[in-house]
Number of protein chains: 4
Amino acid sequence: MKAVVYKEPYKVAVEEVDDPKIQDPTDAIVKITTSAICGSDLHMYEGRTGADPGIVFGHENMGMVQEVGPGVGKLKKGDRIVLPFNVACGYCRNCLANKTGFCLTVNPGFAGGAYGYVSMGPYSGGQAEYLRVPFADFNALVLPEGEEHEADFAMLADVFPTGYHATELADVRPGETVVVFGAGPVGLMAALSAKIRGASKILVVDKVKSRLKLAEDLGAIAIDFTATDPIEAVQEQTDGGADKGIDAVGYQAQAGEGKDETPAVVLNQLVHAVRPTGRLGVVGLYVPSDPGAPNEDAAEGKLLFEIGTFFEKGQTMGTGQADVKTYNRQLRDLIIAGKAEPGFIVSKEIPLAEAPGAYEKFDNREDGYSKVLLHP
Amino acid sequence: MKAVVYKEPYKVAVEEVDDPKIQDPTDAIVKITTSAICGSDLHMYEGRTGADPGIVFGHENMGMVQEVGPGVGKLKKGDRIVLPFNVACGYCRNCLANKTGFCLTVNPGFAGGAYGYVSMGPYSGGQAEYLRVPFADFNALVLPEGEEHEADFAMLADVFPTGYHATELADVRPGETVVVFGAGPVGLMAALSAKIRGASKILVVDKVKSRLKLAEDLGAIAIDFTATDPIEAVQEQTDGGADKGIDAVGYQAQAGEGKDETPAVVLNQLVHAVRPTGRLGVVGLYVPSDPGAPNEDAAEGKLLFEIGTFFEKGQTMGTGQADVKTYNRQLRDLIIAGKAEPGFIVSKEIPLAEAPGAYEKFDNREDGYSKVLLHP
Amino acid sequence: MKAVVYKEPYKVAVEEVDDPKIQDPTDAIVKITTSAICGSDLHMYEGRTGADPGIVFGHENMGMVQEVGPGVGKLKKGDRIVLPFNVACGYCRNCLANKTGFCLTVNPGFAGGAYGYVSMGPYSGGQAEYLRVPFADFNALVLPEGEEHEADFAMLADVFPTGYHATELADVRPGETVVVFGAGPVGLMAALSAKIRGASKILVVDKVKSRLKLAEDLGAIAIDFTATDPIEAVQEQTDGGADKGIDAVGYQAQAGEGKDETPAVVLNQLVHAVRPTGRLGVVGLYVPSDPGAPNEDAAEGKLLFEIGTFFEKGQTMGTGQADVKTYNRQLRDLIIAGKAEPGFIVSKEIPLAEAPGAYEKFDNREDGYSKVLLHP
Amino acid sequence: MKAVVYKEPYKVAVEEVDDPKIQDPTDAIVKITTSAICGSDLHMYEGRTGADPGIVFGHENMGMVQEVGPGVGKLKKGDRIVLPFNVACGYCRNCLANKTGFCLTVNPGFAGGAYGYVSMGPYSGGQAEYLRVPFADFNALVLPEGEEHEADFAMLADVFPTGYHATELADVRPGETVVVFGAGPVGLMAALSAKIRGASKILVVDKVKSRLKLAEDLGAIAIDFTATDPIEAVQEQTDGGADKGIDAVGYQAQAGEGKDETPAVVLNQLVHAVRPTGRLGVVGLYVPSDPGAPNEDAAEGKLLFEIGTFFEKGQTMGTGQADVKTYNRQLRDLIIAGKAEPGFIVSKEIPLAEAPGAYEKFDNREDGYSKVLLHP
């Protein structure tokens, strides 16, 4: 079958690889209809991780069930499904606690597995014609038949639940004010989730005008941090500080236009922009090992965090990758009911064969490549 | 009346000061029967804060109601009461949310007030014969008549609820394993609270043998961090990491015997000692401004926090001073029912007049001065 | 001053009564700008309670602060405020637990007090020119200056928080399906609240076409229980049962058009209409003593409840009058932000002097009198 | 193999039946070491259900893994395990929400399955030499090797988690007072669970002296409802009402010594014995169809519930069979740590062959047969 294969830094190719097979009785094989390119794929693409050549990318996957193993009971051939980017077993201690992003079974020695990602276990990616899905009854979310909402449902694999997870970590409640740093796909999904949860005011901070425009279309107030001090802007809009804050940026944050990476800048701005007793939901990535970091401490994931102010304000911070399985059914139902249309962030849909060019353009932040769907 | 007055660094005196008076209709005047010396009093005593000479110390106060203002309805003369160290109004937004440690009324421009403490509002301390209590109906917790449990009840002003707050921030649940860094009064109260909440295993890390002995008396497993690596010790005892972790040390942490302060060491050890998806409850103090810090960043409350590992493990951290009012009634009832005896940490009870010597010995960490009660 | 005074069954009059005075230092006097007539006022009006002649009605009150006692610190003359229908002290055990509808102080011997209501304490009602407000700093919610949103804000006294309380008791979460029995003011506010909380589908059951029309305007699906079996209709729309259910009807329920009262019919329909593991939020009134009940058991508040099915389905039920104080600030902020307009249920606004006729028409269920605001 | 087979009302026999076999790849076969007789087995034994002759009893099972299917990954031959009485799939909507007692997969058309129980699916019971376990990786809880704590661990199949579930439904928190109606195995486990959760005072109501003695041994206060009015007794001990209440009796309740069944008596006593805003956890069984009920309404599971008082007090009630899987790991860890010894309720341990006599004596409430373990 055809698949997007990592060759070397800044190079992927669409090549023939072996078709996936049922390996365990609880496996299923899925014929992919849509697989999205994710910002985190760029970490591997840029060679900033230890990913070996040959890996097939793709952790935002949906398609039709092609074949099921004899231990699969719920899923059947022809079911239209979407898969969480996390691979999970469903019976380990963390899965039982709904922390499926930290499954203890699928990636021995580590808490958490994923498709097509370095260090996340032996699971090939879905930017391909077919995909093997382990623990298929547990991992698959069944969708309505047909082709409706394809782009919306594709967002259920990662970015919509990840944005929602941020609002869950921050415990966003009806009537509250929320500030979201970052208006990329995850930040916009966090803003959408805050809206769904009944926030009274949503503030979104970024510097890219097209992203801020999308935030405004959602009803959020856009703050361009290159034009104004975001802490002051938030405090003015919220009578001294937002109730809740979301970091959808992570360690590759920049303090301003053209500035170098200053990894803790967003985290520390959140501490100041959020009111005493507030909560922070951090889904922007922070890593324990970053070879490209600006200094030795940052290379080990140690950042200068304003813990003194954080403590004095009695704030709380929740972090980590999303437990997609915990949220995706409810979010699917909102899409079906017409209450959420997360596909608005999709900027382009192309055949699988055009993936290499799309990676290049996405990496260059070219217009129209902020969220690309591949259709094999 | 007599009161403990701060004179200059390393010097307090018992002097005559004006008797407190009813200033507002909702005030009460309390005749103090017990006021405890707290570790945080030493910050002022050592001149490490901006406290001006003349301040009367004492935020762990209990006594008998002597007089009430005309707007006081519940309290009456003769009631035996204990007071949260936080002063709170009961009707601001934070008080309504049970965050009485962050009252927006009592200390304008800041979230939170306290008795006898620099920057915490115009409230004189209770290491004195009498004390003015604002918003008395809200702040006072009524105790059973008599003199029983005096030392236990005195712990309700601060350390018992603060230790309990740590277990609440960490969300300690029945059957879980918990590691507590620090076996001072607050750490021991956190261990006691974890026991009350049904923890299956409690590990306490410190270097002082007498403190570790008290932890063992509670049924906890003691870990001497000068004799063993605490992260490894915890991981061995808990199959890879404790479910929950508590920081009862704060920014004056030391990495080992005789070593300099390394302010983030406990926080970072917790990240490693606690399992993925675990929660940290941080009640050890971190401050946004510390003139005595080992470096410039620390002086501004910025510490090198291992956010990369914290994020990868999907951990959560709650911080801040305790909202005593939220817990003290239930903890009082446990004392009355004989299910908790927090007074076991009290090492000495002396007359008010002996306070100056007690401060000196406590500051020198002399045996028998770890928790001193003053009786005016 | 002028006030609406209860004379005898089916008769109220607007009469001169004594002006209210500051009685306690923590009191305030409010000049009423709006007071709403509530369905529960009809219980007294119809003589179905033990209300004595002379009582001044009105528990949904808003206005301007006219005078404050010397123990009032936050409120000041001229503040525009709305008052919860519950009177509460702010410092008793239930108030501290945010159960202000069950205050132990304001109505000795009972849990809970209210303005202008039989058995709810010595608090005169606000269908008058002025109102005395006890514990004013605690009870008053300050509104933006001016006259904007008067009708919306008036709904914060009772029906909007009561509807919201129902969704809180039922723990309505994003993506869920919710069925609301009753499309009177409280049922519509419950539907609005479910929408704010992100429900994917809201079903509203009633028989009055104009009410069902308002539910549809909110985006809900209307079910006319005189035209279809409501249990079947809900199950069809929700794949076997709604996630959550709300009873906004209470003991005066009717099983169908023209039928007698069958007090438990709504409760039992909810049990069947809600899925296993679902939760019921019951804010429709049930009373322990009802002289007008259809049988002896019902007269003592004992109803034939289908506990067998309820238990087999593992359902949960929360009940009771709303703790308005726990929700009204957040709901106010949604109104200010333009995210909620609860005033859409107001059908008529009239001068105080016209109250007697409005009571009569409301009691006869005449068109246009479903929610009347009085302006003194 | 040998198994306990239901023959006719009041008669079981130990007979040869077919050995169980792996039917699905995710099955395991367990060699039973202990299976307990449960009070709910008596419902079938007495012919009060529609159970057909031939059914093998036994839903409280533990043993050693004998064989696993090819789709089983975690469990391996020789593992010592205990099984929840509920059979669950692990991937349906209810299982994902930790409501494993209401699995939608294992018993089509109904929410919930169990071993060896009428209407609970095609799962043979474990009062036998071997047992087939579906979805074995999900359902089995692995225990430490050896034979230690056999009786304690056997309680993890049903009664300990069921008692704990009651405290979870009632949300028992540290420092609270709790009343438990019923001192049978489940009631005693609820009292033990309340103790683990830090209750300050536990009151247990029953009429059987030996049961009340066991409650007192746990530190609870025993109330004999044949000697005193239980509502008054609770109110006296708790200053007007317990914070939380537990029904561990169910529909076969009696109002007093020698009286007929009065199915709602315990439920209504709880409403009066628990304070306003309190919560009830109901795990005593109520059924939608009871042929032996004292009247027609009760035969359909409709009981006269004091909803009027329940509502006026703003109480909440949670019900249903326990989701064992949600609690059993933590409870196991408390047993291993020596913090809980639920096996204290076991009154007799006998070989499988003696089961028929044990059923007879248990049904006659003979001394020493209150909780019997069978060892094949």
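The values are calculated or read from the model by the stated rules, or taken from the named source; none is laboratory data. Computed from a predicted model, the values in this text were never measured in an experiment. Cβ placement follows ideal geometry from the backbone for every residue including glycine, while neighbour counts extend to all protein chains displayed. Just the protein is used for accessible areas: all its heavy atoms, side chains included, with ligands, DNA and RNA removed. Shrake-Rupley method; radii C 1.70, N 1.55, O 1.52, S 1.80 Å.
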Expected output for segment D:257-275 (first residue basic (Lys, Arg), partner modelled with pLDDT of 95 or more, Cβ below 7 Å, 6+ apart or cross-chain) is D:Arg275/D:Gly241; D:Arg275/D:Ala242; D:Arg275/D:Asp243
Of C:Glu366, C:Glu296, the only residue that is within 18 Å of D:Leu304 (Cβ to Cβ) and more than 9 Å from every other protein chain (Cβ to nearest Cβ) is C:Glu296
Note to self: When you scan segment D:178-186, do you find a residue that is within 13 Å of chain B (Cβ to nearest Cβ), at pLDDT 95 or above, open to solvent by 10 Å² or more (accessible area, probe 1.4 Å) and touching a helix residue (DSSP H, G or I) at 6+ places or on another chain (Cβ under 8 Å), even just one?
What the structure shows: no
A:Glu354: passes all of (1) away from chain B (no Cβ under 14 Å); (2) over 22 Å from the mean Cα position of the chain (by Cα); (3) of a type outside the set (Gly, Ala, Ser); (4) not in a helix (DSSP H, G or I) but (4)
When you scan segment B:42-49, do you find a residue that is hydroxyl-bearing (Ser, Thr, Tyr), over 29 Å from C:Val106 (Cβ atoms) and within 16 Å of the chain's Cα centre (by Cα), even just one? no
Practice prompt. Would you check if there is a residue in segment D:93-100 being open to solvent by less than 50 Å² (accessible area, probe 1.4 Å) and away from chain A (no Cβ under 13 Å)?
Written response: no
Condition set in a helix (DSSP H, G or I) and under 23 Å from A:Pro288 (Cα atoms), scope segment B:299-314, selection nearest to the other protein chains (Cβ to nearest Cβ): answer is B:Gly308
So, first residue closer than 16 Å to A:Met120 by Cβ in segment A:87-103, second residue among the charged types (D, E, K, R), Cβ within less than 6 Å, six or more apart or across chains; the pairs are A:Lys99/A:Asp323; A:Thr100/A:Asp323; A:Thr100/A:Lys325; A:Gly101/A:Asp323
Filter segment C:315-346 for residues that are within 12 Å of chain D (Cβ to nearest Cβ) and either in a strand (DSSP E or B) or over 16 Å from the mean Cα position of the chain (by Cα) (or both); the one that is surrounded by the most Cβ atoms within 10 Å (Cβ to Cβ) is C:Met317
In this structure, is B:Ala190 of a type outside the set (Ser, Thr, Tyr), more than 19 Å from B:Gly368 (Cβ to Cβ), at pLDDT 95 or above and in a helix (DSSP H, G or I)?
-> yes
Inside segment D:220-254, the number of residues satisfying the requirement of being out of contact with any strand residue (DSSP E or B) (no Cβ under 7 Å at 6 or more places or on another chain) and small (Gly, Ala, Ser) is 2
Q | Residue in segment B:284-293 that is more than 10 Å from every other protein chain (Cβ to nearest Cβ), of a type in the set (S, T, N, Q) and open to solvent by 20 Å² or more (accessible area, probe 1.4 Å) present | A | no
Filter segment D:18-41 for residues that are among the acidic types (Asp, Glu) and open to solvent by less than 20 Å² (accessible area, probe 1.4 Å); the one that is modelled with the lowest pLDDT is D:Asp41
Flagged in segment C:270-282 as open to solvent by less than 20 Å² (accessible area, probe 1.4 Å), over 16 Å from D:Ala322 (Cα atoms) and more than 9 Å from chain D (Cβ to nearest Cβ), in numbering order, are C:Leu270, C:Val271, C:Ala273, C:Val274, C:Leu280, C:Gly281
Checked A:Thr162, A:Thr167 against criteria (more than 14 Å from chain C (Cβ to nearest Cβ), crowded, with 24+ Cβ neighbours inside 10 Å and in contact (Cβ under 8 Å) with a residue 12 or more places away in the chain); the one match is A:Thr162
Inside segment C:22-72, the number of residues satisfying the requirement of being of a type in the set (Phe, Trp, Tyr) and closer than 19 Å to C:Asp137 by Cβ is 0
If you go through D:Glu67, D:Glu46, the only one that is in contact with a strand residue (DSSP E or B) (Cβ under 9 Å, 6 or more places away or on another chain), under 26 Å from D:Glu16 (Cα atoms) and either within 14 Å of chain A (Cβ to nearest Cβ) or surrounded by fewer than 24 Cβ atoms within 10 Å (Cβ to Cβ) (or both) is D:Glu67
Within segment D:240-254, residues being open to solvent by 40 Å² or more (accessible area, probe 1.4 Å) and modelled with pLDDT under 90 number 2
Checked D:Tyr115, D:Tyr130 against criteria (in contact with a strand residue (DSSP E or B) (Cβ under 7 Å, 6 or more places away or on another chain) and without any contact (Cβ under 8 Å) to a residue 60 or more places away in the chain); the one match is D:Tyr115
Residue hits (segment C:298-314; open to solvent by less than 60 Å² (accessible area, probe 1.4 Å), under 26 Å from the mean Cα position of the chain (by Cα) and over 14 Å from D:Pro263 (Cβ atoms)) are C:Ala298, C:Ala299, C:Gly301, C:Leu303
Selection from segment B:213-258 of residues over 29 Å from B:Arg48 (Cα atoms) and either in a strand (DSSP E or B) or of a type in the set (Phe, Trp, Tyr) (or both) yields B:Ile221, B:Ala222, B:Ile223, B:Ala242, B:Asp243, B:Lys244
Okay, strands (runs of 3 or more DSSP E) sitting entirely in segment C:59-150 with 2 or more residues that are under 18 Å from the mean Cα position of the chain (by Cα), I get C:60-68, C:80-83
Restricted to segment B:101-153 and to residues being of a type in the set (Val, Ile, Thr) and in contact with a Gly (Cβ under 8 Å, 6 or more places away or on another chain), the residue least open to solvent (accessible area, probe 1.4 Å) is B:Val106
Within segment A:199-212, the count of residues that are within 14 Å of chain C (Cβ to nearest Cβ) and assigned to a helix (DSSP H, G or I) comes to 0
- Please indicate, with yes or no, whether at least one residue in segment C:213-229 is farther than 18 Å from C:Gly187 by Cβ, away from chain D (no Cβ under 13 Å) and either in contact (Cβ under 8 Å) with a residue 60 or more places away in the chain or open to solvent by 10 Å² or more (accessible area, probe 1.4 Å) (or both). yes
